[in-house]
1. Looking at region 107-118, which of its residues are assigned to a loop (DSSP other than H, G, I, E, B) and at pLDDT 85 or above?
2. Checking the structure you have, find out if any residue of region 57-65 is surrounded by 20 or more Cβ atoms within 10 Å (Cβ to Cβ) and assigned to a loop (DSSP other than H, G, I, E, B).
3. Which ones in region 19-53 are assigned to a loop (DSSP other than H, G, I, E, B), touching an Asp or Glu at 6+ places or on another chain (Cβ under 7 Å) and under 25 Å from Pro76 (Cα atoms)?
4. Quick check: is even one residue across region 93-106 open to solvent by 60 Å² or more (accessible area, probe 1.4 Å), at pLDDT 85 or above and assigned to a loop (DSSP other than H, G, I, E, B)?
5. I want to confirm something. Restricting to region 66-92 and keeping residues that are under 13 Å from Ile106 (Cα atoms) and part of a strand (DSSP E or B), which single residue is most open to solvent (accessible area, probe 1.4 Å)?
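The values are calculated or read from the model by the stated rules, or taken from the named source; none is laboratory data. Worth saying up front: this structure is predicted, and the values here are computed from it rather than measured. Heads up, the Cβs are rebuilt from the backbone with ideal geometry, glycines too, and the neighbour counts pull from every protein chain shown. These accessible areas exclude ligands, DNA and RNA; they are computed on the full protein's heavy atoms, side chains included. Shrake-Rupley method; radii C 1.70, N 1.55, O 1.52, S 1.80 Å.
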Amino acid sequence: NAFKTLCLSVLLVACESAFAATYYVAPDGFDKKNRGGAQDPWLTLQYAADRVQPGDTVYVHDGVYGPFHITHSGKPQQRISFLARGRRAEIRGVELFDGRLAAVSILASFVTLEEDQPFDAQAFFFMS
């Protein structure tokens, strides 16, 4: 029985991972018309944040973006990731989120916000 339970657990994790999606955000994207793919990226981080699910990854191309608010949680083995690509993805300005001014508001668990290179997270996501 323990072996069956282990096999079932591995199968469930594999199935959940199979449904993880990869999205893209770029300054020349379009939110409502595009599907968030590499060739048809979304425009805003907020649009992406409103649609991500556990295990999803959002690649953010170089450019200037507005503040955004993340409320969708990932799971321990299926984090939601916002990864900067290139050298400079900048989040500029602040908005009122949950009574506080912030450039990025994360009211969720298991969310990663960093660059996709092994450097300090603040190296590519500049907030001003």
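1. If the condition is that a residue be assigned to a loop (DSSP other than H, G, I, E, B) and at pLDDT 85 or above, then Leu107, Ala108, Ser109, Phe110 are the ones that fit.
2. Scanning region 57-65, I find no residue that is surrounded by 20 or more Cβ atoms within 10 Å (Cβ to Cβ) and assigned to a loop (DSSP other than H, G, I, E, B), so the answer is no.
3. First, the residues of region 19-53 that are assigned to a loop (DSSP other than H, G, I, E, B): 19-21, 26-41, 43-44, 50-53.
Checking the rest, the ones that are also touching an Asp or Glu at 6+ places or on another chain (Cβ under 7 Å) come to 20-21, 34, 43-44.
Within region 19-53, Ala20, Ala21 qualify.
4. Checking region 93-106: at least one residue is open to solvent by 60 Å² or more (accessible area, probe 1.4 Å), at pLDDT 85 or above and assigned to a loop (DSSP other than H, G, I, E, B).
5. His69
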